[in-house]
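The values are calculated or read from the model by the stated rules, or taken from the named source; none is laboratory data. Quick caveat: nothing in here was measured; it's all calculated off a predicted structure. FYI the Cβ positions are ideal-geometry reconstructions off the backbone, even for glycines, and counts take in every protein chain you see. With ligands, DNA and RNA removed, areas are computed over all heavy atoms of the protein, side chains included. Shrake-Rupley method; radii C 1.70, N 1.55, O 1.52, S 1.80 Å.
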Amino acid sequence: MAVQIMVLNGPNLNRLDLREKSFYGDITYDDICRTVENAAHDLGFAVDIRQSNDEAEIIDWLHQAADNKTPVIFNPAAFTHYSYAIRDAVVMLKAPCIEVHISNPLSREEFRHTSVISGVASGTIAGFGLDSYRLAIRAMQGLLGN
Ligand code: DQA
């Protein structure tokens, strides 16, 4: 049976096409889902893709991933920069967690230069648009030794 990866997306990513074009281009949330599904399919993974604007819901999903030892690919969006509660939930994961960003936060406003997640993630991929998700699936394959 295919290994399942949980792909979590944080706040405002469901409205990506209405956000700053200079950072997100014309990418839509549907594009993210399709890209992840195709990349996962190509490498033989099953994916469970979710998006929430609610910090508590994301924490509950991370608890589920921890309980089920599910690997996680995670774009925490703005929570990246300040949510210690989400960081604490990531620490409890039992399988790898790859942090992903569409844009490169280090080339943007100062407050985006801090990630409270990076230090507890297996690794971070940022700045490659939809390819950030493709690269994350690929990196997860390496981490899981598949
Ligand atoms: C983002 C970068 C964050 O700084 C921002 O708050 C987002 C999206 C990205 O994918 O580039 O919502 O995580």
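Note on S107 and Y29: the extension gain reaches 25.8 nm, defined as 0.36 nm multiplied by sequence separation minus the Cα-Cα distance.
In loop segments of region 7-94 as defined by DSSP, the trypsin sites (Lys or Arg not before Pro) with at most 13 further C-beta atoms inside 10 Å of their C-beta are K69, K94. Here the sum of -39500 (n - 2.57) over DSSP H runs of 4 or more residues, divided by the residues of the chain, equals -11500 deg cm²/dmol at 222 nm, to the nearest 500. For region 46-141, the list of GluC sites (Glu not before Pro) that fall in a loop by DSSP and count at most 13 other C-beta atoms within 10 angstrom reads E109. Between N38 and N53, the modelled labels are 2.9 nm apart [label points 7 Å from Cα along Cα→Cβ]. Under 5 Å from the amide H of V7 lie the amide H atoms of D48, I49, R50, I73, each residue being 5 or more positions distant or on a separate chain, with H modelled from the backbone and absent for Pro and chain starts.
Between A78 and M1, the simple spin-label model (points 7 angstrom out along Cα→Cβ) gives 3.9 nm.
Note on T114 and N12: with the Förster distance fixed at 22 Å, the Cβ-Cβ geometry gives a FRET efficiency of about 0.75. For region 3-144, with all protein chains in place and a probe radius of 1.4 Å, 48% of the accessible heavy-atom surface sits on carbon or sulfur.
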